[in-house]
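Take a look at the structure set out below.
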Amino acid sequence: MALLAFALVRDLVGWIPRSASAVGVVAGPLALLGYLVGALPFDRVLGRRRRSDDPAPAAAAAAVATLLVTSVAWDVAQAAAPGAQYSSAVGAFSNQALGAWVSVALWTGAAAVVGHLAPVWRGFRGGDGVAPAGALALAHAPVVFAVAVGAFLAATAATARPRLALLACLPPAVAFAYGAWLLDLPSGWGVTHGPELTLWVVVVSGILLAGNWRRRADGPYLGKGNSAV
């Protein structure tokens, strides 16, 4: 059903008028859609079907759903953009400008991370945001993702506390994103390193930090909370 809805949205993007204002009009609803997708209770649905407490399927479902909704946001915003050279508001202040559709996709994904951490129908107490944030970073900022994973593994080996290691890996990711922007480092298959990607990494890291700070003394983060744990 979700794949059918995804295909339907992709078919309907041709109906969107192309203008700068149209991008702004669709950005808000897409961010809301991202939040709602991130807040979906995959753990409850899959737990009932599989009769298991294993958090891995719910985490995988949250990651895939986040990538799907960002892909939808990318297509819709690209259809609304008046031309290939139309850049985002942040990109307008830099020679490393992103297309507006890339910006909309990134921030829709960030909204999905918020939804995962704070789903409205669970009293804003959800998962830890790791699955959607990790999927987004791997897809759009693979080098930053590799730095964060390396820092996480090193911190886990040093502390034996995965939750604390999660928090510890965020500052290196932010520092690397900023340095990659200044040095104009290659981005692999992801988004060009620049001001907007750096801002996005800062914001997503802040979201993860805020959502997991009160649980930093907990054990392994897998298995708690919303759709991913």
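The values are calculated or read from the model by the stated rules, or taken from the named source; none is laboratory data. Just so you know, these numbers come straight off a predicted model, no measurement behind them. Ideal geometry is used to build each Cβ from the backbone, glycine not excepted, and the neighbour counts take in all protein chains shown.
Of all the criteria given as (1) of a type in the set (A, V, I, L, M); (2) assigned to a helix (DSSP H, G or I); (3) buried (at least 19 other Cβ atoms within 10 Å of the Cβ), the one not satisfied by V191 is (2).
Going through segment 137-146 one residue at a time, which ones are of a type outside the set (V, I, T) and within 11 Å of V191 (Cα to Cα)?
Quick first cut of segment 137-146, residues of a type outside the set (V, I, T) only: 137-142, 145-146.
Scanning segment 137-146 gives A137, L138, A139, H140, A141, P142.
Among A137, A217, A168, which is modelled with pLDDT of 90 or more and more than 23 Å from P57 (Cα to Cα)? Working first, answer last.
Numbers: A137 fails: more than 23 Å from P57 (Cα to Cα); A217 fails: modelled with pLDDT of 90 or more.
Exactly one residue qualifies, and that residue is A168.
When you scan segment 195-208, do you find a residue that is β-branched (V, I, T), modelled with pLDDT under 90 and within 30 Å of R44 (Cα to Cα), even just one? Steps first, please.
The first filter runs over segment 195-208 and keeps only residues β-branched (V, I, T), leaving 198, 201-204, 207.
Checking the rest, the ones that are also modelled with pLDDT under 90 come to none.
No, there is no match, as no residue in segment 195-208 is β-branched (V, I, T), modelled with pLDDT under 90 and within 30 Å of R44 (Cα to Cα).
Given the criteria surrounded by fewer than 24 Cβ atoms within 10 Å (Cβ to Cβ) and over 16 Å from V203 (Cβ atoms), does F176 qualify? No.
Tell me, yes or no, whether segment 163-179 has at least one residue that is touching a residue at least 60 places away in the same chain (Cβ under 8 Å) and touching a Gly at 6+ places or on another chain (Cβ under 9 Å). No, because not a single residue in segment 163-179 is touching a residue at least 60 places away in the same chain (Cβ under 8 Å) and touching a Gly at 6+ places or on another chain (Cβ under 9 Å). Looking only at segment 105-127, decide whether some residue is part of a helix (DSSP H, G or I) and either among the hydroxyl-bearing types (S, T, Y) or touching a strand residue (DSSP E or B) at 6+ places or on another chain (Cβ under 6 Å) (or both). There is at least one residue in segment 105-127 that is part of a helix (DSSP H, G or I) and either among the hydroxyl-bearing types (S, T, Y) or touching a strand residue (DSSP E or B) at 6+ places or on another chain (Cβ under 6 Å) (or both).
Pairs meeting the criteria (first residue in segment 133-149 and farther than 20 Å from V114 by Cα and surrounded by fewer than 24 Cβ atoms within 10 Å (Cβ to Cβ), second residue of a type in the set (S, T, N, Q) and modelled with pLDDT under 95, beta carbons under 8 Å, at least 6 apart or on different chains) are P142/S187; V143/S187. Taken residue by residue, segment 106-127 has at least one member that is within 26 Å of P41 (Cβ to Cβ), modelled with pLDDT under 90, crowded, with 20+ Cβ neighbours inside 10 Å and touching a Ser or Thr at 6+ places or on another chain (Cβ under 7 Å).
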